[in-house]
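First up is the structure itself, then whatever we jot down about it.
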Amino acid sequence: MTADPTTLRRLYGRRQGHKLRSGQADLVETLLPQVAVPAGGSLDAATLFGDSRPLWLEIGFGSGEHLAAQAAANPDVGLIGAEPFLNGVVGALGHAREQGLTNVRLHMGDALDVLDRLPDASLSRAFLLHPDPWPKARHAKRRFVNPGPLDLLAAKLAPDAELRIATDHAVYCRWTLLQMAARRDFVWQAASRADWEQRPADWPPTRYEAKARRQGHEVWYLRYRRAD
Ligand SMILES: C[S@@+](CC[C@H](N)C(=O)[O-])C[C@H]1O[C@@H](n2cnc3c(N)ncnc32)[C@H](O)[C@@H]1O
């Protein structure tokens, strides 16, 4: 499925923060071209990794600590990360170099553009961790959890694939639960309170999660199965 080209696509949020130090600029010049998602054309495991490995996508990976931890723990999986924030991409490149990761591909830009190019039912897992909450009601359309992006994600996830969403924002959590409950193609996997209140062992913390915890916020971990 390809997203409706008439849909307004606009990325909100920062593209760059502090100026890059020379080591960071070097990562962008030398490592990014090696691990960047190729420009244009369809994306599948063969194009990205040269084989037929399972593909996982992280939407808005921030500084890439979760992406790198998942890649290190799952060397047979291909991790695709999308993040428009240059300093975040540099963070992910640093993790990839330090940990010698070969199973990571990065797109510096909108995750929707990557989703558009993936074949239907090609992802076995997707992560949306601490998405920008856009707490004001008039900005609700900017939230990633909205029918348009969710339709696209649903098309690209294989049957029984998992979608993981984390947030420490009560408005976003409630919004997500309502949006997802209105859909037949995602089934919430929680059986007990602990399932959404406690971070599963195979769910490494992100920078935003750590910040939320330091501030004394609760964090919610939502897991959905892609249903037919
Ligand atoms: C609140 S931060 C969370 C970062 C990271 N996931 C974490 O938990 O530490 C949200 C991130 O999503 C990114 N983002 C926003 N819209 C995006 C989009 N359409 N595609 C990819 N990334 C996006 C932002 O640049 C930002 O880095």
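The values are calculated or read from the model by the stated rules, or taken from the named source; none is laboratory data. Just so you know, these numbers come straight off a predicted model, no measurement behind them. Cβ coordinates were reconstructed from backbone atoms using ideal geometry, including for glycine residues, and neighbour counts include every protein chain displayed. Areas reflect the complete protein model, heavy atoms only, side chains present, ligands, DNA and RNA absent. Shrake-Rupley method; radii C 1.70, N 1.55, O 1.52, S 1.80 Å.
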Using the heavy atoms of the protein chains and a 1.4 angstrom probe, tell me the accessible area per residue for region 74-136 in square angstrom. 35 Å²
Near Gly109, within a Cβ-to-Cβ distance under 10 Å, what is the net charge of the other residues, with Lys and Arg +1 and Asp and Glu -1? -2
Per 0.36 nm of contour for each residue apart, how much would the distance between Ala39 and Gln215 grow if the chain were fully extended, relative to their Cα-Cα spacing? 59.4 nm
For the chain, which whole-number percentage of the solvent-accessible area (1.4 Å probe, protein heavy atoms only) is attributable to carbon and sulfur atoms? 52 percent
Selected from Leu48, Met180, Gly109, residue furthest toward positive end of dipole (region 22-226; charges at beta carbon): Met180
Debye log10 I(q)/I(0) at q = 0.13, 0.15, 0.17 Å⁻¹ for region 85-190, Cα point scatterers: -0.57, -0.75, -0.94
Taking the chain as a Gaussian network, Cα atoms linked when under 10 Å apart, which of His18, His107, His66 shows the biggest mean-square fluctuation? His18
How high is the FRET efficiency between Ala137 and Lys19 when r is their beta carbon distance and R₀ equals 30 Å, given to the nearest 0.05? 0.25
Anyone know which of Ser192, Ser42, Ser63 comes out most mobile in the 10 Å Cα GNM of the chain? Ser192
Among 168-180, 114-126, how do they line up from the highest to the lowest mean number of other beta-carbon atoms within 10 Å? 114-126, 168-180
Could you grab the Rg to Rh ratio for region 22-226? Cα atoms only, Kirkwood for Rh. 0.95
Cα-based Rg then Dmax for region 168-220, in Å, read 12.4, 36
Tell me, how many Å apart are the Cα centres for region 211-228 and for region 187-209? 5 Å
Show the residues, 5+ positions off or on another chain, whose built amide H is closer than 5 Å to the amide H of Ala126. Leu57, Glu162, Leu163, Arg164
